[in-house]
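A short worksheet on the structure shown next.
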Amino acid sequence: MNADTPHWVPPLRSDVIELLTPGKNPFYEHADVQLFLAWRDGRAVGRISAHIDHLALEQPVEQGMGPGTGNWGMMEAEDAAVMAAVIAAAEDWLRGRGMTRALAPLSLSVWDEPGLLTKGHDHSPMIMMGHHRAEYEGWIAACGYCETKQLHTFIVPVHEGFPKLINRIVASGERNERIRIRPVDMGRFDEEATLILSILNQAWSRNWGFVPITDSEVRYIKTKLKPVLYPEINLIAEYDGKPAAFMLCLPDVNEALKDMNGSLLPFGWARLLWKLKRRKWTAGRVPLMGVLPEHQNSRLASQLAFMMIEHIRRWGVEEMGVDRAEVGWILDDNQGMVAIADAIEGEVNRVYSIYDKAL
């Protein structure tokens, strides 16, 4: 269904199987999931997942989730009729389990690939971001769904550096003995990753769509991210000797995956490992950052963010040869993060929409 979509990057089949397998993906420890396939004339023409995340049900309604909220995602469809059929199947399954609302698409969790691509079809997604056919937007709307939230990614200039004001803020921070920006210590990787995800849970706890990351998911994420982490661009900011914030940056592994057709065999592993070892990538993505609640909404928070972004920019350009960088996703109404993206002259390059419907 995506063979004629030039900018779609086939995900690794092994990763998709792991994502959908109970016992491998810890999402299943707190969620009920049902997978559906649509068939026509003996041929698969669509798919969808329906799921109820019990941790999401416990979140405040004003933060987007809450009681009665079910989800669907992983949708693909050959045409509008198939899309309507698979969505109806997901809705019936959710309704039959007492859900009164569908918030979608989430594939599977808000921490995986949330939203439907509604802007940015003219270029390939970076690592850990989805890509969908442009027709899907109209097909989903025709099923009675209304947009409730947008997630934005920002393309950021890297070669020429940031505006003078940002450079002054960074320089001031670098002179401040109370601030230390340090790389992740790979010799203590488990401890460092646990620290980062702890900050993430605290920093994002009041954000729209937040669902806490469990201890099992922390262990799972550590295993998945370690092979693609370069410590020099994955940073922890300390203030008065205590962790205050973090920022993660990943090379755009999709550069290597795009031509593998979803398989690491027979030579995909070698190609990917060669790319990782050479540390030469044309693009990178900052998927996550977080500042502890006690520092949020302060001048320190933005200063730490600018310092980490500049550190990543320098190293990415000088050591990795990066010529494109992406920041996000960022909630469209997250004023603090949008202001930071604007200050470093970021421009929205992709929009992902999340939809809502009463069941």
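The values are calculated or read from the model by the stated rules, or taken from the named source; none is laboratory data. What you are looking at is a predicted structure, and each value in this text was computed from that prediction instead of being measured. Glycine also receives a Cβ, built like all others from the backbone with ideal geometry; neighbour counts cover every protein chain displayed.
One residue stands out among those in region 336-358 that are assigned to a loop (DSSP other than H, G, I, E, B) and buried (at least 16 other Cβ atoms within 10 Å of the Cβ): the one that is farthest from the chain's Cα centre (by Cα), which is I344.
All of (1) buried (at least 19 other Cβ atoms within 10 Å of the Cβ); (2) not in a strand (DSSP E or B) hold for I52 with one exception: (2).
Does W315 satisfy being surrounded by fewer than 20 Cβ atoms within 10 Å (Cβ to Cβ) and of a type in the set (F, W, Y)?
yes
Taking the criterion of being more than 18 Å from the chain's Cα centre (by Cα) and more than 17 Å from L235 (Cα to Cα), the residues of region 319-335 that qualify are G321, V322, D323, Q335. Determine if region 316-324 includes at least one residue that is closer than 19 Å to G115 by Cβ, outside any strand (DSSP E or B), assigned by TED's automatic domain parsing to the domain that holds I166 and not charged (D, E, K, R). No: zero hits. Scanning region 91-117 for residues that are over 16 Å from the mean Cα position of the chain (by Cα) and either within 17 Å of R47 (Cα to Cα) or not in a loop (DSSP other than H, G, I, E, B) (or both) yields E91, D92, W93, L94, R95, G96, R101, A102, L103. Within region 118-142, the set of residues being at negative phi, in a loop (DSSP other than H, G, I, E, B), of a type in the set (A, V, I, L, M) and buried (at least 17 other Cβ atoms within 10 Å of the Cβ) comprises M126, I127, M129. Inspection of region 86-106 identifies at least one residue that is more than 30 Å from A301 (Cα to Cα), hydroxyl-bearing (S, T, Y) and not assigned by TED's automatic domain parsing to the domain that holds V286. Among the residues making up region 177-196, those that are assigned to a helix (DSSP H, G or I) and more than 23 Å from the chain's Cα centre (by Cα) are G187, R188. Only a single criterion out of (1) in a strand (DSSP E or B); (2) more than 29 Å from E29 (Cβ to Cβ) is not satisfied by E76, namely (2). Residue check: is Y145 in the same structural domain as M75 (by TED's automatic domain parsing), in contact with a Phe, Trp or Tyr (Cβ under 8 Å, 6 or more places away or on another chain), modelled with pLDDT of 95 or more and of a type outside the set (D, E)? Here the answer is yes, as Y145 does meet what is asked. For region 55-70, the criterion of a residue being at pLDDT 95 or above, under 17 Å from L19 (Cβ atoms) and within 23 Å of the chain's Cα centre (by Cα) is satisfied by no position. Cβ-Cβ distances below 9 Å connect the following pairs, each with a first residue in region 108-120 that is aromatic (F, W, Y), a second residue that is not in a loop (DSSP other than H, G, I, E, B), and a separation of six or more residues or different chains: W111/F27; W111/E217; W111/I221. For region 161-169, the count of residues that are without any contact (Cβ under 8 Å) to a residue 12 or more places away in the chain, farther than 18 Å from C249 by Cα and not assigned by TED's automatic domain parsing to the domain that holds M75 is at least one.
Of the residues making up region 1-48, those that are without any contact (Cβ under 8 Å) to a residue 12 or more places away in the chain and closer than 21 Å to A81 by Cβ are A3, D4, L37, W39, D41, G42, R43, A44.
This table checks each residue for (1) buried (at least 18 other Cβ atoms within 10 Å of the Cβ); (2) modelled with pLDDT of 95 or more; (3) within 15 Å of G209 (Cβ to Cβ).
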position	(1), (2), (3)
W8	yes, no, no
L19	yes, no, no
W39	no, yes, no
A44	no, yes, no
I48	yes, yes, no
E78	no, yes, no
